[in-house]
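Asks: A single structure is presented below for examination.
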Amino acid sequence: MSTTHTNKIDIIKAATSKINEVDFDNLSFGSVFTDHMLECDFKNGEWQKPVIKPYAPFLLDPSARVFHYGQAIFEGMKAYKDESDDVWLFRPDENYKRFNNSAVRMAMPEVPEDVFMNGLNELLKLDEAWIKKGKGNTLYIRPFMIATGEGVIANPSDDYKFMVILSPAKSYYSGEVKVLIAEHFSRAANGGIGAAKAAGNYAAQFYPTSLANAAGFQQVIWTDDATHTKLEEAGTMNVFFRINDTLFTAPTSERILDGITRKSLIDLAKKEGITVEVRPVLVSELVEASKNGTLKEIFGAGTAAVVNPIIGFSYQDVYYELPKTENSYATQLKDKLTNMQHKLTEDTFGWTVKV
Ligand code: COI
């Protein structure tokens, strides 16, 4: 191991790399991690010096608040390598902003921009060999923060740990995606934490999603908690609906995550001359459009999922199959987005940022 100290960050390099043990052609999402991780502790009311160190488990007191009250947030980002071996991030400022919005909502301290951005850049430089060239190859970045303070009193913790771990990734879903539209369970409620990327939002979906999985569906599309009539988002992605040639997606709200892929697709679609309507979409509209043949596509959008076509949906025990659409919006928009992310086309929006 070798150690470098700068006044901003300490870097402890791993003695050996695990990279040659990894089969980059057969990656199951989020299961392999790179050689290093970033760690920065919040103690005595301030952020300590960040350190990059070999990826390894760490110890926490059993009474740490994260175990009892779930004070935990995260982000999902990706790094891409272009044909000249330069490494790029996609709209990292948006992830940074959303991370701190989540922190505020969960009564956690905001992470300084320097710790988040400089720490991430240094980590990516160190583990750069893990980012493979070519469309479809990415490095998934998982920044997260947990409450490490001890004691089971139900108050916000005094101490926290911010970390970034990296995982080489291809696609999130390996096969076709069919969804179940929620009739009883909810993902979020007004006044709740639905807009935050809080760990508990995801844990709360596991049980209803496992029921959907057992019935042959990969995901649930959540409906609003009050009436279950409005289509909101799926567990791992925001959702878009194409009826005739118009693209619809729900507005963000206290219940819906402000997805970065979602807002990028809205802008990309508009630039392509596609009419986009951001408004509540009713389950009844979707069922009607499917019955009268005007429903052309449904797709999910997220960092991990990218743009993922949905082949059918079930509602009130009726399954509605989607038609096969030539030159689908999902394919067009995915190509535009991923070509830009891999620097194969010009980024006229200024979204890509070099590491
Ligand atoms: C992402 O797309 O990055 C997410 O955070 C979704 C996650 C459940 C994989």
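Asks: Any idea which of Val306, Val287 is surrounded by fewer than 21 Cβ atoms within 10 Å (Cβ to Cβ) and either of a type outside the set (Val, Ile, Thr) or in contact (Cβ under 8 Å) with a residue 24 or more places away in the chain (or both)?
Replies: Of Val306, Val287, the one residue that is surrounded by fewer than 21 Cβ atoms within 10 Å (Cβ to Cβ) and either of a type outside the set (Val, Ile, Thr) or in contact (Cβ under 8 Å) with a residue 24 or more places away in the chain (or both) is Val287.
Asks: Moving on to the next point. Against the conditions (1) touching a Leu at 6+ places or on another chain (Cβ under 8 Å); (2) basic (Lys, Arg); (3) away from the ligand (no atom under 15 Å from the Cβ), where does Lys197 fall short? Just the number, please.
Replies: (3)
Asks: Here is a follow-up. State yes or no: is Thr227 touching a helix residue (DSSP H, G or I) at 6+ places or on another chain (Cβ under 9 Å) and more than 16 Å from the ligand (Cβ to nearest atom)?
Replies: Criteria not met by Thr227.
Asks: Would you pick out the residues in region 252-278 that are within 23 Å of Gln205 (Cβ to Cβ), surrounded by fewer than 22 Cβ atoms within 10 Å (Cβ to Cβ) and modelled with pLDDT of 95 or more?
Replies: Result: Lys263, single match.
Yes or no, residue by residue, for (1) more than 14 Å from the chain's Cα centre (by Cα); (2) in the same structural domain as Leu257 (by TED's automatic domain parsing); (3) not in a loop (DSSP other than H, G, I, E, B):
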| residue | (1), (2), (3) |
| --- | --- |
| Lys161 | yes, no, yes |
| His184 | yes, yes, no |
| Ala189 | yes, yes, no |
| Gly192 | yes, yes, no |
| Ala195 | no, yes, no |
| Ala203 | yes, yes, yes |
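Asks: Within region 288-321, restricting attention to residues that are of a type in the set (A, V, I, L, M, F, W, C) and over 28 Å from the mean Cα position of the chain (by Cα), which residue is nearest to Gln219 (Cα to Cα)?
Replies: Ranking the qualifying residues of region 288-321, first place goes to Val318.
Asks: On to the next question. Just to be sure before I move on: is Asn238 in contact with a Ser or Thr (Cβ under 8 Å, 6 or more places away or on another chain) and either of a type in the set (Ser, Thr, Tyr) or under 15 Å from Glu285 (Cα atoms) (or both) in the structure I sent?
Replies: no
Asks: Restricting to region 128-150, count the residues that are assigned to a loop (DSSP other than H, G, I, E, B) and out of contact with any helix residue (DSSP H, G or I) (no Cβ under 9 Å at 6 or more places or on another chain).
Replies: Matching residues across region 128-150 total 3.
Asks: Still on this structure, I have one more. Looking at Ile165, Ile131, Ile181, which one is of a type in the set (Val, Ile, Thr), modelled with pLDDT of 95 or more and within 19 Å of Met108 (Cβ to Cβ)?
Replies: Sole residue among the options that is of a type in the set (Val, Ile, Thr), modelled with pLDDT of 95 or more and within 19 Å of Met108 (Cβ to Cβ): Ile165.
Asks: From Ala188, Ala203, Ala198, which residue is in contact (Cβ under 8 Å) with a residue 40 or more places away in the chain, within 29 Å of Arg65 (Cα to Cα) and in contact with a Gly (Cβ under 6 Å, 6 or more places away or on another chain)?
Replies: Of Ala188, Ala203, Ala198, the one residue that is in contact (Cβ under 8 Å) with a residue 40 or more places away in the chain, within 29 Å of Arg65 (Cα to Cα) and in contact with a Gly (Cβ under 6 Å, 6 or more places away or on another chain) is Ala188.
Asks: Given the criteria assigned by TED's automatic domain parsing to the domain that holds Glu83 and not in a helix (DSSP H, G or I), does Val115 qualify?
Replies: no
Asks: On the given criteria, is Ile146 β-branched (Val, Ile, Thr), more than 14 Å from the ligand (Cβ to nearest atom) and crowded, with 21+ Cβ neighbours inside 10 Å?
Replies: Yes, satisfied.
Asks: Now for a separate question. Identify, from the list Lys49, Lys53, Lys78, the residue that is under 30 Å from Ile19 (Cα atoms) and within 16 Å of the ligand (Cβ to nearest atom).
Replies: Lys78
Asks: Residues of region 322-333 being within 27 Å of the chain's Cα centre (by Cα) and of a type outside the set (S, T, N, Q), which ones?
Replies: Answer for region 322-333, where residues must be within 27 Å of the chain's Cα centre (by Cα) and of a type outside the set (S, T, N, Q): Leu322, Tyr329, Ala330, Leu333.
Asks: Please specify each residue of region 76-93 satisfying the condition of being assigned to a helix (DSSP H, G or I) and crowded, with 18+ Cβ neighbours inside 10 Å.
Replies: Pro92 - this is the single residue of region 76-93 that is assigned to a helix (DSSP H, G or I) and crowded, with 18+ Cβ neighbours inside 10 Å.
Asks: Now for a separate question. Can you find a residue that is over 25 Å from Arg91 (Cβ atoms) and either within 15 Å of the ligand (Cβ to nearest atom) or among the hydrophobic types (A, V, I, L, M, F, W, C) (or both) anywhere in region 241-250?
Replies: Within region 241-250, one or more residues are over 25 Å from Arg91 (Cβ atoms) and either within 15 Å of the ligand (Cβ to nearest atom) or among the hydrophobic types (A, V, I, L, M, F, W, C) (or both).
Asks: Here is a follow-up. So, restricting to helices (runs of 4 or more DSSP H) that lie completely within region 258-345, which ones have at least 3 residues that are within 16 Å of the ligand (Cβ to nearest atom)?
Replies: It comes to 260-271, 329-341.
Let's see how each residue does on (1) more than 20 Å from Arg142 (Cβ to Cβ); (2) among the small types (Gly, Ala, Ser):
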residue: Ser2; (1), (2): yes, yes
residue: Asp10; (1), (2): yes, no
residue: Lys18; (1), (2): no, no
residue: Ser28; (1), (2): no, yes
residue: Phe33; (1), (2): no, no
residue: His36; (1), (2): no, no
residue: Glu46; (1), (2): yes, no
residue: Pro50; (1), (2): no, no
residue: Pro57; (1), (2): no, no
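Asks: Identify the single condition in (1) closer than 30 Å to Thr348 by Cβ; (2) hydrophobic (A, V, I, L, M, F, W, C); (3) more than 16 Å from the ligand (Cβ to nearest atom) that Phe90 does not satisfy, given that it satisfies every other one.
Replies: The number of the failed condition is (3).
The values are calculated or read from the model by the stated rules, or taken from the named source; none is laboratory data. This is a predicted model, so every value here is computed, not measured. All Cβ positions, even for glycine, are placed from backbone atoms using ideal geometry, and neighbour counts span all protein chains on display.
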